[in-house]
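The values are calculated or read from the model by the stated rules, or taken from the named source; none is laboratory data. A quick note: this is a predicted structure, and the numbers were derived from the prediction, not measured. Note that we place each Cβ from the backbone using ideal geometry, even for glycine, and neighbour counts take in every protein chain shown. Please note that ligands, DNA and RNA were not included when accessible areas were found on the heavy atoms of the full protein model with its side chains. Shrake-Rupley method; radii C 1.70, N 1.55, O 1.52, S 1.80 Å.
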Amino acid sequence: VPASTPLSVSCPAPVTLDACDDAATVLSAYNAWINGFSNSNGCNAGAASAAPALPAFACGEAVSLSYEYSVTDDCGTQSCTSTFDVPVSTPLSVSCPAPVTLDACDDAATILSAYNAWINGFSNSNGCNAGAASAAPALPAFACGEAVSLTYAYSVTDDCGTQSCTST
């Protein structure tokens, strides 16, 4: 009786994706990772252990999978392990300045300076591919003694949704 070639298993290298990768990218990488597991030879090798399922995609959420790929034949069990990770993203955040109230008799330069400081107080950070912020309200032309009342509904949208805040 000739000697048989021993059972061998092979696992792909660990996969780590970017936190903001989209559903199609994650699914494609997962499928390539799963297809990288294989076995060959052995005597009457059975089916491989079940692969971990990819959870439903949730934008910005982490995925952490580990697969111990095991195959058993008449001579024993061979296994190897690999991981598939998508780190959690830092969520988009927006910040609005405190409301500004000026004196009724402030001059044009004071009003313009306060307006510019107010507009510069709006900001956003993090998120997945954040777009431009909504347009700021324009400061009307100065008219001595006239009231000015502005409200800015500041909003920014990224791949995971929209965040907003409001100031006057």
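When the Cα atoms of the range 1-158 are aligned to their principal axes, the ranges along those axes come out at 106, 19, 19 Å in descending order. What is the calculated FRET efficiency for Ser125 to Val148, with r their C-beta to C-beta distance and R₀ = 35 Å, to the nearest 0.05? Computed FRET efficiency for Ser125 and Val148: 0.75. In degrees from 0 to 90, rounded to the nearest 10, what is the angle of the helix 23-35 Cα long axis to the longest principal axis of the chain? Result, in degrees: 10. In percent, rounded to a whole number, the relative contact order of the chain is 21, using alpha-carbon pairs under 8 Å and six or more apart.
Ligands, DNA and RNA left out, the accessible area of the chain computed with a 1.4 Å probe is 52% carbon and sulfur. Residues in the chain average 59 Å² of solvent-accessible surface per residue, probe 1.4 Å, ligands and nucleic acids excluded. Positive-end ranking of Phe37, Thr101, Thr168 along the dipole of the chain, with charges on Cβ about the Cα centre, is headed by Phe37.
For the range 110-152, the set of chymotrypsin sites (Phe, Trp or Tyr not before Pro) satisfying both a DSSP loop assignment and a count of at most 16 other C-beta atoms within 10 Å is given as Phe142. Taking the longest Cα principal axis of the chain as reference, the axis of helix 108-120 is set at about 10 degrees.
Charges at C-beta only: +1 for Lys and Arg, -1 for Asp and Glu. How large is the resulting dipole of the chain about its Cα centre, in Debye rounded to 20?
It works out to roughly 240 debye.
With pairing defined as another cysteine C-beta under 4.7 Å, the cysteines of the chain that fail it are Cys43, Cys75, Cys105, Cys144. The stretch between Ala51 and Ala133 holds 25.3 nm of extra length on full extension. This uses 0.36 nm per residue minus the Cα-Cα distance.
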